[in-house]
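J.: Shown below is the structure under consideration.
The values are calculated or read from the model by the stated rules, or taken from the named source; none is laboratory data. The shown structure was predicted, so the numbers you read here are calculated from the model rather than taken from an experiment. So basically every Cβ, Gly included, is an ideal-geometry build from the backbone, and we count neighbours across all protein chains shown. Ligands, DNA and RNA are excluded from the accessible area calculation, which covers all protein heavy atoms including side chains. Shrake-Rupley method; radii C 1.70, N 1.55, O 1.52, S 1.80 Å.
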Amino acid sequence: MMLDRRLNAFRPDLADASLRGKVEAGRFVEGTRAQVVAPVAALRQQPDPARGIDTELLFGEEVDVFERKDGWCWVKAVSDGYVGYLPERAIRGEQAAPTHIVVTQRTFLYPEPELRKPHTDVLSMGSRVRVTSTAEVRGNHYVVLEGGTAIFAKHVRPIGYNDGGDYVDIALRFLETPYLWGGRSGLGIDCSGLVQLALLMTGRAAPRDTDMQSAGLGEPISREELRRGDFVFWKGHVAIMEDEKTIVHANGHTMTTAREDFAAAVERIGWLYEQPTGYRRLPG
């Protein structure tokens, strides 16, 4: 069976050492661990900024690096196994492990613990940071990161924190967020990225792309069984049921994350992508 190139790092000249004996390549190498240091890093199929984005990696996420060449790195994401090329400047090796994760849709990174200072960057929900201390300035509480930059303390939680939250509620926080093909952040997101990030924030792992999710996310159910939290799949699209009659999805029709009447969406989408291909539910 042909290995999925999205999830397996192999080329004619180079491959992940774990694939030795499974693929042919001129050379096999062990990946070197590194961390994303850009707020959002676009992962592409080819080392070319003109190529479309396959997915995105967030600040503090880890990758295994198989090659560094001409300002690009060929990597495999640790979180979901996605393979592609990142700008070399977007990652850095030998970083201390993150301690906290951003839990708000977006948060500002300040040069010091002071909200009146011009912010230096914007981090998305799901970004991972290393907190070294805390500070209180005029009644506002901050966490301070390595280098002295700061984030509002309420916008982060310790790594591994899980309040048992509802991933539908998480998805709804992204309403009106611009749609972005390949997007996976609070700055721009696509349909399967919304599903993956919402599940991540409630301690659940999910594959990245719609076809992967429709094949392995939860268990199949019938349309008549649909309820809050279930997933509806079309060819190349996924939505989350907010309730029995309403979906929430990042979509190219509104170019946002939006609520939509489920029956109306089936009719509208059917003109382009036919009827839903399946319905799935997570256990528990």
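J.: For the chain, what does the accessible surface come to per residue with a 1.4 Å probe? Please give it in Å².
T.: On the way: 14090 Å² over 284 residues.
On a per-residue basis, the chain sits at 50 Å².
J.: Here is a follow-up. Could you compute the FRET efficiency for ALA96 and ASP166, with r as their C-beta to C-beta distance and R0 at 35 Å, rounded to 0.05? Present the calculation step by step, with values, prior to reporting the outcome.
T.: Numbers: r = 32 Å, r/R0 = 0.92.
My answer for the efficiency is 0.60.
J.: May I ask you to derive the relative contact order of the chain, considering only C-alpha pairs under 8 Å and at least 6 residues apart, and to give it as an integer percent? Display every interim value, and only then the final one.
T.: Numbers: 641 pairs, mean separation 34.9, N = 284.
Taking the mean separation of contacting Cα pairs over the length of the chain, I get 12 percent.
J.: Identify which of LYS245, LYS22, LYS235 has the largest mean-square fluctuation in a Gaussian network model of the chain, with springs joining Cα atoms closer than 10 Å.
T.: LYS22
J.: Given 0.36 nm per residue, what is the gain on full extension from PHE152 to ARG11 after removing their alpha carbon distance, in nm?
T.: 46.4 nm
J.: GNM on the chain, C-alpha springs below 10 Å: top fluctuator among LEU58, LEU145, LEU272?
T.: LEU272
J.: Rounded to the nearest percent, how much of the accessible area of the range 12-149 (1.4 Å probe, protein heavy atoms only) is carbon and sulfur? Intermediate results must be reported in sequence, preceding the final value.
T.: Numbers: 3130 of 6880 Å².
So the carbon and sulfur contribution to the accessible surface is 45 percent.
J.: Let me ask something else about it. Return the distance in nm (one decimal) between the two label points of a simple spin-label model at VAL29 and LEU272, each offset 7 Å from Cα along Cα→Cβ.
T.: 4.0 nm
J.: GNM, the chain, Cα, under 10 Å: largest mean-square fluctuation among GLU112, GLU224, GLU88?
T.: GLU224
J.: Which of the lysines could a cross-linker span from LYS235 if the Cα-Cα distance has to be under 27 Å and same-chain partners fewer than 8 positions apart are dropped?
T.: Partners within reach: LYS76, LYS245.
J.: Mind putting a number on the dipole of the chain about its Cα centre? Charges go on the C-beta only, +1 for Lys and Arg and -1 for Asp and Glu, and I need it in Debye to the nearest 20. Kindly include the intermediate steps, with their values, before the conclusion.
T.: Working: 35 positive and 39 negative charges, 93 e Å.
It comes to approximately 440 debye.
J.: Normalising by the residue count of the range 217-280, find the relative contact order in percent from Cα pairs under 8 Å and 6+ residues apart.
T.: On the way: 98 pairs, mean separation 24.7, N = 64.
Reported relative contact order: 39 percent.
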